[in-house]
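Notes to accompany the following structure.
Each reported figure results from applying straightforward, stated rules to the coordinates on display, with no laboratory input. The shown structure was predicted, so the numbers you read here are calculated from the model rather than taken from an experiment. Here Cβ is always computed from backbone atoms with ideal geometry, including for glycine, and neighbour counts include all displayed protein chains.
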Amino acid sequence: MNSNVTRRDFVKTGAGLVIAFHLPPGVAAGSSPAAAGPGFAPNAWLRVGTDGIVTLTVDKSEMGQGSQTGLAMILAEELEADWSTVRLGPMPENPAGWSRTMRTGGSNAIRSSWEPLRAAGAAAREMLVTAAAEAWNVDRATCRAERGTVVHGPSGRRLSYGKLAAKTAKLPVPQHAPLKDPQEFRLLGTRVARLDTPGKVDGSAVFGIDVTVPGMLIASIERSPVLGGRVRRFNAARARAMPGVRHVLELAPSSWIGTNGAWAAGCAAGVAVVADTYWQAVQGRRVLEVEWDEGEAATLDSAGVRAQLAALGDQAGVVAHAHGDAAAAVAGAAKRIEAAYEVPFLHHATMEPMNCTAYVRADSADVWAPTQNQGDAQRVAADVAGMPKEKVRIHTTFSGGGFGRRLEPDFVSEAVRVSKAVGAPVKVIWSREDDMRNGFYRPASYNRLAAGLDASGRPVAWTHRIAGTPLRLKFGPLEKGLDDSLVDGADSLPYAIPNVFVDQVVLELPAVPRGPWRSVGVSHNGFVTECFLDEIAAGGGRDPFELRRELLRDKPRHLRTLELAAEKAGWSTPLPAGRGRGIALAEWGPTVCAEVAEVSVDADGSVRVPRVACAVDCGPAVNVGQIEAQMQGGIVFGLSAALYGEITLERGRVVQGNFDTYPMVLMPEAPVVEVYIVPSNDAQGGTGEPAVPPIAPAVCNAIFAATGKRIRKLPIGKVV
């Protein structure tokens, strides 16, 4: 291979585009078999070829989290496949024809697929065993599947899956194939190299920004700098005169709200410059001379938003959770503790900015997108193109990060609109500044808390009022006025406190787009509740770990996770002078994660986090390496937000535009992260989100232990 060939050139000439996937006729998970090509495909999830290659079809996006490898492991385990023969096929291109909703978010890839993939693999395994027994004319009970072959026990004869494939294709699909006993697992619970790594190393992996199709043009869009602004006028002629520019078109602001729980998307007003290359499109965009109608949001700023939230914190809200009489118990307690906590808007900051390629024709359309949400990408594309959704094919590429941002189909809508207008395939590429200033931000909130302690320092009452900017309103009116994304994690404390009251007040800001951010409501409520519990421990003269331990007496999963983190962190052992430890715990349905952070604060107030010990109970482990990587990545992601993350507004504009003003934790700053997996047979959980919520409170609690200073507002910045 020519060493001078670039990654992009290699992708263009070697990798091509995602190829088409078609469900076998009449086949969905658990239906009758239908052979398609060599080998057999008992269901939509897998195909065993006559060459012995096992091709698996998974319907969850790969955004760097490694879930596609985990899903393949689940299938391969029950199939009893030889892992060296396992390959990943393309994702289904017609979400409307797939057997379930195609969406990847909420750490649901593994947990939502655990049962169906096991069933699919087991059905194929049983069919292969039956085929071998018939070929040998022996009692089926004397045969077993083993590493890609079927073995006849008494004689030791073997037949490979490849040699059995054609015969197996003629057999009926069992409806209730027996699953393996977990004690028989060979693959699950081990450390397996990810299937997507080789392509990312040699450059053959296709991310959204890598896509090329014949005749493709590139578009760059000048969007309103003010949230919710509109185009008043622009200089189209000057932009068209620039080299390579083919089209200049105005994009009116648009909104799209799906049905039956589908996602909602809005596109900002803007002007698209379409050219032969990205640089030419950007150059044309720079001479547009757009004059904007800034609208009502032009007076919006962060100080005003904060003041409104603080004022709402004094007002009674919609009850999210109540048991006992918390107000009376606080008033009559031996000691009372009060505090207010604040969290800012946050951006997702995926390493690959938003992009999408679309080709709209008269009767069909193709969309190539790094999306988390194929179903709604297809629906919004069909709506914009004016055709049935079955006529829109979604080609899912690798994504350079998601974190909830790619659930939104706004970037898909833009590409489809531009392609339809110019009659050619078009790739829309966002710059870093486009991405940061036109995101869907995590809601901001202001929190008032009070607790009552008894004479032993144990909390007997807890009240928490959350004043926040709701996320769910874009789906329609809030049920009973409650936004679960604002109260998640606050309305379900695991601690045994006899009197608890949580309510919510909302501040609607129509101009500020909001969306789910990695771990959603628990990301901010974990910080608030775990820091306030630390205040309670200090106020009552209790050790923060021991108090949590006492209050988790009825939560064995939480308790064992907390204890493992404390043990591995050496909670009771001394630290060097100037260093403190903090502990925090959070749950993300149903995974439980506990973290202990070690922190020091420099003379100038800079915070350093040299070590984090993390314990996680995610139920049955799939890929040990994947779990470790997700915990490590989640901790660094959450630490970036805790130390630096903040989206601020001035005159209706997002101030931050790139990593100079929205910094990330860099490699020299990153802590050593030790991950300990709790052996567990409890409910299967996910690992993408659970590591994020505990890190901010663990660090802030450690800052208090080291300096005596409480952090009640994020980002931490410098401790002064």
- Item | T371 long-range amide H proximity, modeled H, under 5 Å | T397
- the stretch 287-416: antiparallel bridges as % of DSSP beta bridges, rounded to 5, reads 45
- Looking at [x] 1.10; [y] 1.00; [z] 0.95, which value of Rg/Rh (Cα atoms, Kirkwood Rh) comes from a calculation on the structure shown? [y]
- Karplus ³J(HN,Hα) for the stretch 479-485 (6.51 cos²θ - 1.76 cosθ + 1.60, θ = phi - 60°; Hz, whole; x = Gly/Pro) runs 5, 6, x, 10, 9, 5, 5
- Among beta bridges assigned by DSSP with both residues in the chain, the antiparallel ones amount in percent, to the nearest 5, to 75
- Of all stretches in the chain that avoid GluC sites (Glu not before Pro) placed in a DSSP loop and having at most 15 other Cβ atoms within 10 Å, the longest is 1-288
- Sequence-distant or interchain residues sharing an amide H contact under 5 Å with Y441, placed H: which? R514, G515
- Task: Just need the relative contact order of the stretch 474-572 here, percent rounded to a whole number, with Cα pairs under 8 Å and 6+ apart.
- Result: 32
- Item | Amide H partners (placed H, <5 Å) of E93, local residues excluded | F21
- Hey, what do the phi angles of the stretch 541-552 turn into as Karplus ³J(HN,Hα) couplings, whole Hz, using 6.51/-1.76/1.60 and θ = phi - 60°, x for Gly and Pro? x, 10, 5, x, 5, 5, 5, 4, 4, 5, 7, 9
- Output the relative contact order of the chain, whole-number percent, from Cα pairs under 8 angstrom with separation of 6+ residues. 14
- Task: Measure up K60/K389; K389/K427; K568/K718; K335/K480; K200/K568; K555/K713 against 23 Å on the Cα-Cα distance and list the ones that go over.
- Result: K568/K718; K335/K480; K200/K568; K555/K713
- Message: For the stretch 221-356, what does the relative contact order come out to in percent, with C-alpha contacts under 8 Å and a separation of six or more?
- Response: 27
- Note on the structure: Magnitude of the Cβ-charge dipole (Lys and Arg +1, Asp and Glu -1) of the chain about the Cα centre, nearest 20 debye, reported as 1080
- Message: Could you derive backbone 3J(HN,Hα) for the stretch 200-207 from the dihedral phi with the Karplus parameters 6.51, -1.76 and 1.60 (θ = phi - 60°), listing whole Hz in sequence and x where the residue is Gly or Pro?
- Response: 6, 7, 8, x, 7, 5, 9, 8
- Message: Testing the spin-label approximation: label points 7 Å from Cα along Cα→Cβ at W279 and S364. State their distance in nm.
- Response: 3.6
- Message: Between the stretch 589-652 and the stretch 317-331, what is the separation of their alpha carbon centroids in Å?
- Response: 31
- Query: Tell me, what does the Kirkwood hydrodynamic radius of the stretch 284-368 come to in angstroms if you use every pair of distinct C-alpha atoms?
  - Reply: 20.2
